[in-house]
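Scroll down for the structure; my scribbles are underneath it.
All of the numbers you see were taken from the coordinates with simple rules; none came from a lab. The structure displayed is predicted, hence computed values, not measured ones. A quick note on method: Cβ atoms are made from the backbone with ideal geometry, for glycine too, and the neighbour counts reach across all protein chains shown.
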């Protein structure tokens, strides 16, 4: 059994060596760059980009073009004037396209209205609810009922008489 594992190791190494040699000897053909890339940047960002009439997306954006040469660019953003220009794409290179957009005249863009101070008035209302108290505070009368006093006196007299006997 041990001889079998010793035999498998060298066979495996030979197979790996053979695969690596054959892959290194085979020519790999990678196609050369047929186009270039364009990085679109605008101030302010968020403009919609058209390249040769094809909508690409919004800025900032990197676009990989198969075409080379001069291409037409149109940028559009709400509340800003449309921007048109051309870009030259060079094979295998990256081109940066930057545009500063102009606000449409007569339209408020970044102006804000001044903030007015807010005054808060707090009103405390007086309650009309009366809460009964356990002891009357306005009357000078005794809170004890006269019948209770007479009953207590009768009990005390009764205890006194019983103790004397």
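Sorted from largest down, give the three principal axis spans of the alpha carbons of segment 36-100, whole angstrom values.
Principal-axis extents of the Cα atoms in segment 36-100, largest first: 35, 18, 16 Å.
I want the antiparallel fraction of DSSP beta bridges within segment 36-100, as a percent rounded to 5. Please list the in-between numbers first.
Working: 20 of 27 bridges.
Close to 75 percent.
Given points 7 Å out from each Cα along the Cα-Cβ axis, report the residue 93 to residue 74 separation in nanometres with one decimal.
2.8 nm
Take every Cα pair under 8 Å in segment 36-100 that's 6+ residues apart, average their separations, divide by the length, and report that relative contact order as a whole percent.
Working: 142 pairs, mean separation 27.1, N = 65.
Relative contact order, segment 36-100: 42 percent.
On full extension of the chain, what length is gained from residue 153 through residue 34, given 0.36 nm per residue of separation minus the C-alpha to C-alpha distance? The partial results should precede the final answer.
Working: separation 119, 0.36 × 119 = 42.84 nm, distance 12.29 nm.
That works out to 30.6 nm of additional length.
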